[in-house]
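The values are calculated or read from the model by the stated rules, or taken from the named source; none is laboratory data. As the structure is a prediction and not an experimental result, all values here were calculated from the model. Note: ideal-geometry Cβ built from the backbone for every residue, glycine included; neighbour counts use all protein chains shown.
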Amino acid sequence: MPVTHEPGVWRAYDITLIGRNVTVALDGQTIIDNKEIPGITGGALDSREAEAGPIYLQGSEIGHVANRNIVIAPGFTPDPHARSQP
(Lines give C-alpha, C1' and ligand atoms only; values in the text may rest on other atoms or scores of the structure.)
Protein backbone atom coordinates (compact mmCIF):
# COMPACT_ATOMS: atom_id res chain seq x y z
CA MET A 1 0.00 0.00 0.00
CA PRO A 2 1.54 3.34 -0.99
CA VAL A 3 1.72 5.89 1.81
CA THR A 4 1.38 9.50 0.69
CA HIS A 5 0.90 12.73 2.56
CA GLU A 6 1.20 16.47 2.23
CA PRO A 7 4.51 18.09 3.25
CA GLY A 8 4.45 19.45 6.79
CA VAL A 9 1.81 17.00 8.03
CA TRP A 10 2.81 15.00 11.12
CA ARG A 11 2.27 11.23 10.92
CA ALA A 12 1.73 8.88 13.88
CA TYR A 13 3.46 5.49 13.91
CA ASP A 14 2.81 2.80 16.50
CA ILE A 15 5.48 0.11 16.30
CA THR A 16 5.41 -3.11 18.29
CA LEU A 17 8.50 -5.30 18.14
CA ILE A 18 8.51 -8.61 19.99
CA GLY A 19 11.47 -10.82 19.25
CA ARG A 20 11.70 -10.91 15.44
CA ASN A 21 8.06 -9.97 14.80
CA VAL A 22 6.97 -6.42 14.03
CA THR A 23 3.59 -4.73 13.71
CA VAL A 24 3.35 -1.16 12.41
CA ALA A 25 0.32 1.12 12.40
CA LEU A 26 0.42 4.41 10.48
CA ASP A 27 -2.13 6.99 11.64
CA GLY A 28 -4.14 4.20 13.29
CA GLN A 29 -4.16 1.86 10.25
CA THR A 30 -2.10 -1.34 10.44
CA ILE A 31 0.29 -1.44 7.49
CA ILE A 32 2.54 -4.29 8.71
CA ASP A 33 0.90 -7.02 10.78
CA ASN A 34 3.06 -9.35 12.87
CA LYS A 35 5.66 -9.93 10.14
CA GLU A 36 8.87 -11.75 10.94
CA ILE A 37 12.12 -9.90 10.34
CA PRO A 38 14.01 -12.62 8.44
CA GLY A 39 17.49 -12.14 9.89
CA ILE A 40 19.91 -9.61 11.24
CA THR A 41 19.25 -6.15 9.84
CA GLY A 42 21.86 -3.94 8.20
CA GLY A 43 22.03 -1.76 11.29
CA ALA A 44 22.92 -4.61 13.63
CA LEU A 45 26.04 -4.02 15.71
CA ASP A 46 26.70 -7.75 16.06
CA SER A 47 24.91 -11.10 15.95
CA ARG A 48 23.67 -10.98 19.59
CA GLU A 49 20.21 -9.84 18.55
CA ALA A 50 18.41 -11.22 21.63
CA GLU A 51 20.29 -8.78 23.87
CA ALA A 52 19.28 -5.19 24.52
CA GLY A 53 20.75 -2.66 22.15
CA PRO A 54 20.24 0.75 20.56
CA ILE A 55 17.22 1.98 18.62
CA TYR A 56 18.01 3.79 15.38
CA LEU A 57 15.81 6.49 13.84
CA GLN A 58 16.45 6.78 10.12
CA GLY A 59 16.65 10.20 8.53
CA SER A 60 16.74 11.26 4.93
CA GLU A 61 19.65 12.41 2.82
CA ILE A 62 17.26 14.06 0.33
CA GLY A 63 14.70 15.83 2.49
CA HIS A 64 13.94 16.87 6.02
CA VAL A 65 12.79 14.31 8.57
CA ALA A 66 11.75 15.28 12.09
CA ASN A 67 10.66 13.16 15.04
CA ARG A 68 8.69 14.18 18.12
CA ASN A 69 6.88 12.59 21.04
CA ILE A 70 8.84 9.35 20.93
CA VAL A 71 7.72 6.96 23.66
CA ILE A 72 9.48 3.68 24.38
CA ALA A 73 7.44 1.40 26.59
CA PRO A 74 8.77 -1.85 28.00
CA GLY A 75 7.00 -4.98 26.88
CA PHE A 76 8.03 -8.48 27.69
CA THR A 77 11.34 -10.07 26.84
CA PRO A 78 10.91 -13.42 25.10
CA ASP A 79 13.20 -16.26 26.10
CA PRO A 80 15.66 -16.52 23.17
CA HIS A 81 16.04 -20.24 23.88
CA ALA A 82 12.30 -21.03 23.89
CA ARG A 83 10.83 -22.89 20.94
CA SER A 84 7.99 -21.21 19.10
CA GLN A 85 4.60 -22.89 19.11
CA PRO A 86 3.48 -24.50 15.80
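Contact map, the range 10-38: residues that are within 14 Å of Glu49 (Cα to Cα) and free of Cβ contacts under 8 Å to residues at least 60 places away in the same chain paired with residues that are assigned to a strand (DSSP E or B) and of a type in the set (Asp, Glu), Cβ distance under 8 Å, separation 6+ or inter-chain. Pairs shown: Arg20/Glu36; Asn21/Glu36. For the subset of the range 37-51 comprising residues that are within 30 Å of Trp10 (Cβ to Cβ) and surrounded by 10 or more Cβ atoms within 10 Å (Cβ to Cβ), which member is modelled with the lowest pLDDT? The residue in question is Gly43. Among the residues of the range 52-78, the one identified as in contact with a Leu (Cβ under 7 Å, 6 or more places away or on another chain) and at pLDDT below 80 is Gly53.
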